[in-house]
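Step one of this worksheet: look at the structure below.
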Amino acid sequence: LKEDVKATKSCEKSWLYEENAVDLHETYKKIIQSLPPKQMEFAVKAVTNGLITRRWLSFVSGANGKCPLCKTQYHTIGHILSGCQISLQQGRYTYRHNNVLRVIRGWIKKTLEDNNTTFRVWTDLPDECHDWQLPNGILHKHLQGMRPDIIVPTTTIEKEVETTTVWIIELTCPTEQRFVASNDLKRRKYEPVAAVFRHQPNINIVELVPIEVGARGRPAASLRNLKPLLQGNYSKAVEEAGRAAIIASMHIYYGSETLLWTHPTM
């Protein structure tokens, strides 16, 4: 039995680490330490493989180790937080994604407003993705049917020279081991959208920025690419985004035995 449990722990632990996030380890510690007690307990257990799953119980008591939602895959931490097709279809992962997205969008808007920068923000959220929020001359129908999470056109004037930059930001909340793969996938997917903006004569710079915030709140190194946009608010934005991911994932975990899903209030 001990060998079976050890094998299961090893299987779970393979989900924990991703080299791309190592340099943000201190930030991740701050994120966890700033959580309320209940959320902190969840985060620590998620990191240290201390959450109870049906897969773990199957070795201890002989119970069915399959996910009660999809009934095909083992009920492990990785599966619960990022790998269940039924959870995906029911919008559980979208719930987490959108909560993290709202945090990032909020800090971008605050930074640009504080700097008196001329900007618009188009966000792929309800009531926040209107054509008038896109750069001049661009309509959603021009984006080849794709919807990046955030499009931010900014205009700055320096030495009487006007520069228009378009930021295309695409967020993913994967397992840590999927950081690099997710980033590459999203970069290739949205390159055609970036090309649409590059062909506009009134746009000088196009920044395509895929970013990742782990399902357990760990920030990926790709978030550093938002530093020029977030400036002095970068650390606050990353920490709040990590907290939002953890809290949403806690709801997903505790709801993993429930067949019906209703979005909790964050």
Yes or no: the stretch 138-148 includes at least one residue that is under 25 Å from residue 243 (Cβ atoms), within 14 Å of the chain's Cα centre (by Cα) and free of Cβ contacts under 8 Å to residues at least 40 places away in the same chain.
no
Top-ranked residue of the stretch 196-227 - restricted to ones that are open to solvent by 70 Å² or more (accessible area, probe 1.4 Å) and out of contact with any strand residue (DSSP E or B) (no Cβ under 8 Å at 6 or more places or on another chain), ranked as nearest to residue 175 (Cα to Cα)
224
One residue from 81, 88 being within 18 Å of residue 255 (Cα to Cα) and either of a type outside the set (A, V, I, L, M, F, W, C) or open to solvent by less than 20 Å² (accessible area, probe 1.4 Å) (or both):
81
Tell me which residues, restricted to the stretch 159-171, are open to solvent by less than 90 Å² (accessible area, probe 1.4 Å), without any contact (Cβ under 8 Å) to a residue 60 or more places away in the chain and touching a strand residue (DSSP E or B) at 6+ places or on another chain (Cβ under 9 Å).
163, 164, 165, 166, 168, 170
Identify, please: which residue in the stretch 136-148 is in a loop (DSSP other than H, G, I, E, B) and open to solvent by 10 Å² or more (accessible area, probe 1.4 Å) and is, among those, modelled with the highest pLDDT?
147
Selection within the stretch 11-49 - at pLDDT below 90 and assigned to a loop (DSSP other than H, G, I, E, B)
14, 15, 16, 17, 18, 48, 49
Scanning the stretch 195-253 for residues that are among the charged types (D, E, K, R), over 20 Å from residue 264 (Cα atoms) and out of contact with any Ser or Thr (no Cβ under 8 Å at 6 or more places or on another chain) gives 198, 218, 224, 227, 236
Restricting to the stretch 61-71, name every residue that is in contact (Cβ under 8 Å) with a residue 12 or more places away in the chain and open to solvent by 40 Å² or more (accessible area, probe 1.4 Å).
66
Quick count over the stretch 28-39, residues being over 21 Å from residue 212 (Cα atoms) and either open to solvent by less than 10 Å² (accessible area, probe 1.4 Å) or not charged (D, E, K, R) (or both), is 2
Being of a type in the set (Ser, Thr, Tyr), out of contact with any strand residue (DSSP E or B) (no Cβ under 8 Å at 6 or more places or on another chain) and in contact (Cβ under 8 Å) with a residue 12 or more places away in the chain is the filter here, so list the residues in the stretch 25-52 that pass it.
34
Filtering the stretch 50-86 down to residues that are within 21 Å of residue 170 (Cβ to Cβ) and in contact with a helix residue (DSSP H, G or I) (Cβ under 9 Å, 6 or more places away or on another chain) yields 81, 82
Looking for something modelled with pLDDT under 95, polar (S, T, N, Q) and farther than 21 Å from residue 83 by Cβ - is there at least one such residue anywhere in the stretch 244-258?
no
Residue in the stretch 172-183 that is open to solvent by less than 40 Å² (accessible area, probe 1.4 Å) and farther than 30 Å from residue 256 by Cα present:
no
Is there a residue in the stretch 127-134 that is open to solvent by less than 60 Å² (accessible area, probe 1.4 Å), at pLDDT below 90 and farther than 22 Å from residue 201 by Cα?
yes
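The values are calculated or read from the model by the stated rules, or taken from the named source; none is laboratory data. Just so it is clear, the structure is predicted and the values come from calculations on it, not from any experiment. Here Cβ is always computed from backbone atoms with ideal geometry, including for glycine, and neighbour counts include all displayed protein chains. Quick note on the areas: whole protein, heavy atoms, side chains included, nothing else; ligands and nucleic acids left out. Shrake-Rupley method; radii C 1.70, N 1.55, O 1.52, S 1.80 Å.
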